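The values are calculated or read from the model by the stated rules, or taken from the named source; none is laboratory data. Just so you know, these numbers come straight off a predicted model, no measurement behind them. Cβ placement follows ideal geometry from the backbone for every residue including glycine, while neighbour counts extend to all protein chains displayed.
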Amino acid sequence: MSTWFSQNLGDAMFASEPLRQIEALFTSEYMAAGRPKEMALFTRHESGRLHCEVMVYFTPAAAGVAKKIGAIRCRRPSREGLSLKVGTDDVWPVLFPEPGN
């Protein structure tokens, strides 16, 4: 499966509590699944209508968690500006391979 999922948490000033809840659920599911390398949660601050918005991205291996919170299908995000919230650093080359590798 190669479908990513995303959830817009809205204005960054008000996103900390929803993000904390998503991180807690994700961490629980991630640990229960045995910490698979391909399962990760990313965030990025993106320009919104008036303010910066927080976007949460779920890897394809995290589809179950994404669906639980109502995230929508999306394309793989660009690596630029992404922050890894839950997962291992080993996920970067797996999901975002460098050209020529």
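Quick one: is residue 13 without any contact (Cβ under 8 Å) to a residue 40 or more places away in the chain and either more than 13 Å from the chain's Cα centre (by Cα) or under 16 Å from residue 94 (Cβ atoms) (or both)? Against the criterion (without any contact (Cβ under 8 Å) to a residue 40 or more places away in the chain and either more than 13 Å from the chain's Cα centre (by Cα) or under 16 Å from residue 94 (Cβ atoms) (or both)), residue 13 qualifies. Just wondering, is there one or more residues in segment 77-94 that are of a type in the set (Phe, Trp, Tyr), under 13 Å from the mean Cα position of the chain (by Cα) and modelled with pLDDT of 95 or more? No - not one qualifying residue is present in segment 77-94. Among the residues of segment 79-101, those identified as part of a loop (DSSP other than H, G, I, E, B) and either at negative phi or of a type in the set (Asp, Glu) (or both) are 79, 80, 82, 88, 89, 90, 96, 97, 98, 99, 101. For segment 48-66, the criterion of being on the phi < 0 side of the Ramachandran plot, over 11 Å from the mean Cα position of the chain (by Cα) and polar (S, T, N, Q) is satisfied by no residue at all.
Only one of the numbered conditions (1) in contact with a Gly (Cβ under 7 Å, 6 or more places away or on another chain); (2) under 17 Å from residue 90 (Cβ atoms); (3) not acidic (Asp, Glu) is not met by residue 42, and that is (1). When the residues of segment 50-60 are filtered to those that are within 16 Å of residue 7 (Cα to Cα) and either at pLDDT below 95 or in contact with a Pro (Cβ under 8 Å, 6 or more places away or on another chain) (or both), the one that is surrounded by the fewest Cβ atoms within 10 Å (Cβ to Cβ) is 52. Any chance segment 11-33 includes a residue that's in contact with a Gly (Cβ under 6 Å, 6 or more places away or on another chain), at pLDDT below 95 and either part of a loop (DSSP other than H, G, I, E, B) or crowded, with 16+ Cβ neighbours inside 10 Å (or both)? No: zero hits.
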